[in-house]
Amino acid sequence: GLSQGSQNYYVRCKDTAGNKATQDYSVTFIVDLPPTAQIFLSDESPVKAGIIRLNLTTSEDVVYQPVLTYSLNGATPINIPLSGSGRYWNGYMIISSTDNNKIGSFQFSGKDLAGVSGNVITNDNIFLVDTESPSPPTMVAARSLSGGRIQLEWFYDDPNVKNYKIYKSKTEFINKLNYYSTSADRSYTDNSTVLGATYYYRVSVIDTSNN
């Protein structure tokens, strides 16, 4: 249970006759624990499809370079090239849309400056993959309010929702470039309207995996 670093102990003896030593006997040694790692993902679990950036932080400086791999559902580990130095390293992994519902796990190996090897990841080394896009809202309705304001309402019964994105245009052809605002609820009131003008809206869902 000793901590990393130099340890100093001082021992003074007494014999069976009760005679006590007048000086200490010193014991000095260094505890060099194996390096451990923590992994932090740019896209928290469950991760979505795309390029995922990760940061690897070790408990102490390690020799260039530590080894980090990941595997999905126990398949062959995939190496993650790392850049950095000392305790701080970063790399990337690519998640495909076909990896949906898979379970990923990391494996780490590093060697400190004294040559002691370690392979323990102290935070959760398991992540889930969710690449499935949520279904769109249904029954989107708009009604006019006083002053030309427009209130949008829609139905969505899946609780796995982060927020909704609102798209707005003065033409029927709406795409992602027409992004207008975000709503945490299943309704939105547009106060930036002109009385008598016609507007077109679309609503999309962002789930908790950011799909």
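Solvent-accessible surface of protein heavy atoms, probed at 1.4 angstrom with all chains present, puts LEU33, LEU68, LEU113 in the order LEU113, LEU33, LEU68, largest first.
Taken along the Cα-to-beta-carbon direction at a fixed 7 Å, the label points for SER181 and GLN7 span 6.3 nm. Distances between placed amide hydrogens fall under 5 Å for LEU33 paired with GLY5, all partners being 5 or more residues away or on another chain. Averaged over its residues, the chain has an accessible area of 63 Å² per residue, based on protein heavy atoms and a 1.4 Å probe.
Counting Lys and Arg as +1 and Asp and Glu as -1, what is the net charge of the other residues whose Cβ lies under 15 Å from the Cβ of ASN175? Please report the intermediate quantities before stating the final value.
Numbers: positive: LYS165, LYS168, LYS170, LYS176, ARG202; negative: GLU172.
Result for the neighbourhood of ASN175: +4.
Between TYR164, TYR180, TYR88, the GNM of the chain built on Cα springs shorter than 10 angstrom shows TYR180 fluctuating the most. Coupling constants for segment 170-177 follow from the phi torsions by the Karplus curve (6.51 cos²θ - 1.76 cosθ + 1.60, θ = phi - 60°), and in residue order they are 9, 10, 6, 8, 10, 9, 5, 5 Hz; glycine and proline get x. Taking only protein heavy atoms and a 1.4 Å probe, the accessible area of segment 1-114 is 53% carbon and sulfur. Normalised by the number of residues in segment 39-118, the mean separation of alpha-carbon contacts (under 8 Å, six or more apart) gives a relative contact order of 35 percent. Note on TYR64 and ASP157: with the Förster distance fixed at 41 Å, the Cβ-Cβ geometry gives a FRET efficiency of about 0.20.
Relative contact order for the chain: what is it in percent, counting Cα pairs under 8 Å that are at least 6 residues apart? The partial results should precede the final answer.
Working: 460 pairs, mean separation 36.2, N = 211.
Relative contact order of the chain: 17 percent.
For VAL116, the amide hydrogen comes within under 5 Å of no other amide hydrogen, counting only partners 5 or more places away or on other chains and with H modelled in the peptide plane. Considering only ASP190, ASP61, ASP43, the mean-square fluctuation computed in a Gaussian network model of the chain, springs between alpha carbons under 10 angstrom, is largest for ASP190. Here the label points at ASN119 and TYR92, each 7 Å from Cα along the C-beta direction, are separated by 2.9 nm in the simple model. Here LYS48 is the anchor, and the lysines within straight C-alpha reach of less than 26 Å, apart from those fewer than 8 places off in the same chain, are LYS102, LYS162, LYS165, LYS176. When volume of the Cα convex hull per residue in Å³ is computed from the coordinates, the matching label among (1) 242; (2) 174; (3) 134 is (1). Distance from the C-alpha centroid of segment 11-57 to that of segment 85-128: 20 Å, rounded to the whole angstrom. Straight-distance candidates among the aspartates and glutamates for linking to LYS14, with alpha-carbon spacing under 14 Å and chain neighbours fewer than 8 residues away dropped: ASP24.
Residues TYR10, TYR199, TYR92, ordered by accessible area of protein heavy atoms at a 1.4 angstrom probe radius and largest first, appear as TYR10, TYR92, TYR199. Remark: segment 131-136, residue by residue, has Karplus-estimated 3J(HN,Hα) of 10, 7, 6, x, 6, x Hz, where x stands for each Gly or Pro and the curve is 6.51 cos²θ - 1.76 cosθ + 1.60 at θ = phi - 60°.
The stretch between LEU41 and ILE126, if pulled fully straight at 0.36 nm per residue, gains 29.5 nm over its current Cα-Cα span. Ignoring aspartates and glutamates fewer than eight residues from LYS111 along the same chain, the ones with Cα atoms less than 16 angstrom from its Cα are ASP32, GLU60, ASP61.
With each label modelled as a point 7 angstrom along the Cα→C-beta vector, the SER204-ASP32 pair spans 5.4 nm.
The values are calculated or read from the model by the stated rules, or taken from the named source; none is laboratory data. In this text the structure is predicted, and so the values were computed from the model without any measurement. When we count neighbours, we look across all protein chains shown, and the Cβ atoms used for this are built from the backbone with ideal geometry, even at glycine. Ligands, DNA and RNA are stripped out before the accessible areas are found, and what is left, the full protein with its side chains, is counted by its heavy atoms. Shrake-Rupley method; radii C 1.70, N 1.55, O 1.52, S 1.80 Å.
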